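Step one of this worksheet: look at the structure below.
Bear in mind that the values in this text are calculations on the coordinates, not laboratory data. Owing to the predicted nature of the structure, the values given are computational and were not obtained by experimental measurement. Here the Cβ positions follow ideal geometry from the backbone for every residue, glycine too, while neighbour counts run over all protein chains shown.
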Amino acid sequence: MTEFFQSLGMNYEWAWFVATIAGILLIALPLMLSVAMIIYVDRKVWAAINLRRGPNVVGPFGLLQSFADGLKVFLQETIIPSAANKGIFLLAPILTFTVALAAWAVVPFSATAVLADINIGLLYILAISSLSVYGVVMSGWASNSKYPFFSAMRAAAQMISYEVSIGFILVCVVLFAGTFNLNDIVRSQQGFGLGIVNAYVIHPLLFPMWVMFFISSLAETQRVPFDLTEAESELVAGYQTEYSSMSFALFWLGEYANILLMCILNALLFWGGWLPPIDWAPLYYVPGIVWLLLKTFFFFFMFSWVMATVPRYRYDQLMRLGWKVFLPISLGFVVVISGYLMATGHFG
Amino acid sequence: MIQTLAFYLFAALVIASAVMVIMARNPVHSVLWLILAFFNAAGLMVLVGAEFIAALLVIVYVGAVAVLFLFVVMMLDIDFAELRAGFVKNFPLGIIIALILAAELIFGIGAYQAGRIELGVASGATSPILDASNTASIGAVLFSDYLFLFEAAGLVLLIAMIGAIVLTHRKRPGGRGQQNITKQVRRNPNEATVMKQPIVGEGVEL
């Protein structure tokens with residue numbers, strides 16, 4: 001995109017600057033729009049599974065429901081509890097939202113459509129997603145209220161626990177790909193399965209890794225069955241209990257942006273990203289972003305499906321699953337996969 | 001130009017937030033300032049081209065260590081009046097530590113200007129790897145030349161972890177908190193429930 005702005009007569013620095021700003025807007029604005037629409041999809045899927053109709057009043061088929069909700073929230077009064085720690089109370093939703101957007105900088109939407117094609121893309125995503133816990137912890141503490149505080153404590157423990165196993169699962173993928181660059185990880189999946197299938201998940205050693213990654217991403221985004229941080233039957237609404245108006249909306253948008261990020265990571269790391277599912281020439285005429293968004297949408301559907309059908313875990317079950325099941329298995333797989341790759345001469 | 005600007009921005013923020021760590025009255029604010037300092041230090045690492053170290057700094061320190069730190073500090077019930085009461089008593093100790101730190105700083109700057117110390121001659125065995133990414137270069141050095149030190153560091157951490165578990169783990173007497181997960185999972189409706197057809201007016205006897 002820098003070349004395009006250079007052709008308009010700008011020098012390189014300005015062209016780069018304008019191209020970066022344009023790239024950020026090209027990612028952030030469609031992302032916000034898709035968050036609004038994906039909330040609608042989420043509610044429709046739950047409704048279909050629960051044999052209800054779901055939102056169907058605002059606009060055709062209820063398509064404008066999220067925008068109506070957004071407008072309602074926007075017009076509400078911002079309430080700050082008098083006992084709250086004001087600065088941190090207001091900072092927390094902004095931090096959650098910023099961090100949720102920042103991770104999208106390295107996501108490759110097709111072979112060339114990536115804002116920052118950096119060498120350590122995967123580490124960057126891991127680093128940024130480890131920051132998202134602060135929004136929850138800060139809001140829980142600053143609210144100066146019991147339920148948000150419980151929620152913040154749970155969130156801190158839960159996200160640290162599952163980040164460990166996510167880290168090991170990512171190591172397995174990196175071992176196969178030989179790089180942290182997300183675009184190169186996608187490229188290395190081309191024809192991976194017997195020269196036919198473009199996906200890591202086809203490998204018998206990586207399939208269990210993907211299953212664990214999917215479950216861990218549910219836990220990392222605090223979705224059902226791991227939504228202990230906002231368990232409405234125990235903690236009212238968890239860390240966002242005291243929030244209203246736009247600060248609440250920022251949590252909401254940040255949460256769904258994180259969920260979409262985890263869905264797109266599932267697609268990029270295990271299901272071939274912007275590559276078509278099968279390595280067959282005519283399929284490459286479909287633009288890469290279409291394949292990527294189809295895969296992302298499929299994983300989002302699975303997220304909704306799980307939310308509508310699975311009951312919530314108990315806290316001790318959550319911790320047991322993270323530390324006693326996922327951690328040893330993923331650590332074992334790192335060893336097994338390294339050994340397998342050495343034995344088969346993958347490293348050359 | 002933009003590197004210089006970025007350097008001064010990150011450096012100024014690191015120093016400012018480090019000052020705020022000790023100036024903040026609320027310990028939770030202190031920890032949050034510390035996190036900002038870590039984060040900006042990672043920015044400085046990126047500027048010198050060590051993006052791998054920067055990512056590790058954020059993942060390990062900001063993402064894990066500082067969260068646990070915050071966790072503990074938030075749970076503490078700190079009485080600020082009591083903290084200030086100890087000020088006069090601890091004042092001499094504080095002065096001594098401040099003097100030691102000042103002396104170290106002066107020595108450090110003096111030694112730096114006197115030229116570097118000759119601890120040994122570099123063998124030149126590890127020439128810089130060209131055309132390799134940060135990650136690959138660190139891996140190449142870490143798993144060849146410094147393999148022993150790397151493994152030893154891992155062993156030290158493992159021992160520390162086992163030590164922490166041994167020190168804090170205690171077996172509670174009695175059955176509370178002891179669950180047999182497999183038994184719970186294998187329970188089925190046939191052995192867990194009993195179907196009764198109660199007669200109206202008589203109820204059930206279990």
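Can you run phi through the Karplus equation (6.51, -1.76, 1.60; θ = phi - 60°) for the range A:3-20 and list ³J(HN,Hα) in whole Hz, with x for Gly and Pro?
4, 4, 6, 5, 5, 7, x, 8, 7, 4, 4, 5, 4, 4, 4, 5, 5, 5
Taking square-rooted eigenvalues a ≥ b ≥ c of the alpha carbon gyration tensor, is the protein assembly as shown rounded, prolate or oblate, where a/c under 1.5 means rounded and, failing that, a/b exceeding b/c means prolate?
rounded
In nm, give the distance between the simple-model label positions of A:L26 and A:V334, each being 7 Å from the Cα along the Cα-to-Cβ direction.
Placing both labels 7 Å beyond Cα along the Cβ direction yields 3.7 nm.
What FRET efficiency, computed as 1/(1 + (r/R0)^6) with R0 = 35 Å and r the Cβ-Cβ distance, is obtained for B:A50 and A:T344, rounded to the nearest 0.05?
Computed FRET efficiency for B:A50 and A:T344 comes out at 0.60.
For the range A:1-65, just say rounded, prolate or oblate: build the C-alpha gyration tensor, square-root its eigenvalues into a ≥ b ≥ c, call rounded for a/c under 1.5, and beyond that prolate if a/b exceeds b/c, oblate if not.
prolate
Residue by residue through the range A:274-287, which ³J(HN,Hα) values in whole Hz follow from phi under the Karplus form 6.51 cos²θ - 1.76 cosθ + 1.60 (θ = phi - 60°), with glycine and proline marked x?
Rounded to whole hertz, the list is 7, 7, x, x, 10, 7, 9, 3, x, 5, 6, 6, 6, x.
Under the rule of at least 5 residues apart or a separate chain, name every residue whose amide H is placed under 5 Å from the amide H of A:I278.
So A:I278 has HN proximity to A:N198.
What FRET efficiency, computed as 1/(1 + (r/R0)^6) with R0 = 22 Å and r the Cβ-Cβ distance, is obtained for A:V290 and A:E3, rounded to the nearest 0.05?
0.35
Using the basic label-point model (7 angstrom from Cα toward the beta carbon), what is the B:K171 to A:A102 distance in nanometres?
Reported label-point gap for B:K171 and A:A102 is 4.7 nm.
Between B:A152 and B:A6, what FRET efficiency follows from the Cβ-Cβ distance if R0 is 45 Å, with the result rounded to 0.05?
For B:A152 and B:A6, the calculated efficiency is 0.80.
Where nothing but the Cβ of Lys and Arg (+1) and of Asp and Glu (-1) is charged, how large is the charge dipole of the range A:155-304 around its Cα centre, in debye to the nearest 20?
580
Obtain the nm distance between the two label points defined at B:A18 and B:M75 by a simple spin-label model: each point lies 7 Å from its Cα along the Cα-to-C-beta direction.
The modelled label-to-label distance comes out at 3.0 nm.
May I ask which residue of A:Y340, A:L235, A:A68 lies farthest towards the positive end of the charge dipole of the protein assembly as shown, with charges of +1 (Lys, Arg) and -1 (Asp, Glu) on Cβ and the Cα centre as origin?
Farthest towards the positive end: A:L235.
If the label point is 7 Å along Cα→Cβ of B:V204, which residues in the range B:182-196 have backbone nitrogen under 16 Å from it?
Answer for the range B:182-196: B:189-196.
Is there a quick way to get the dipole size of the range A:76-343? I mean about its Cα centre, with the Cβ of Lys and Arg at +1 and of Asp and Glu at -1; what is the value in debye to the nearest 20?
320
In square nanometres, what is one fourth of the surface area of the convex hull spanned by the alpha carbons of the range A:76-343?
14.8
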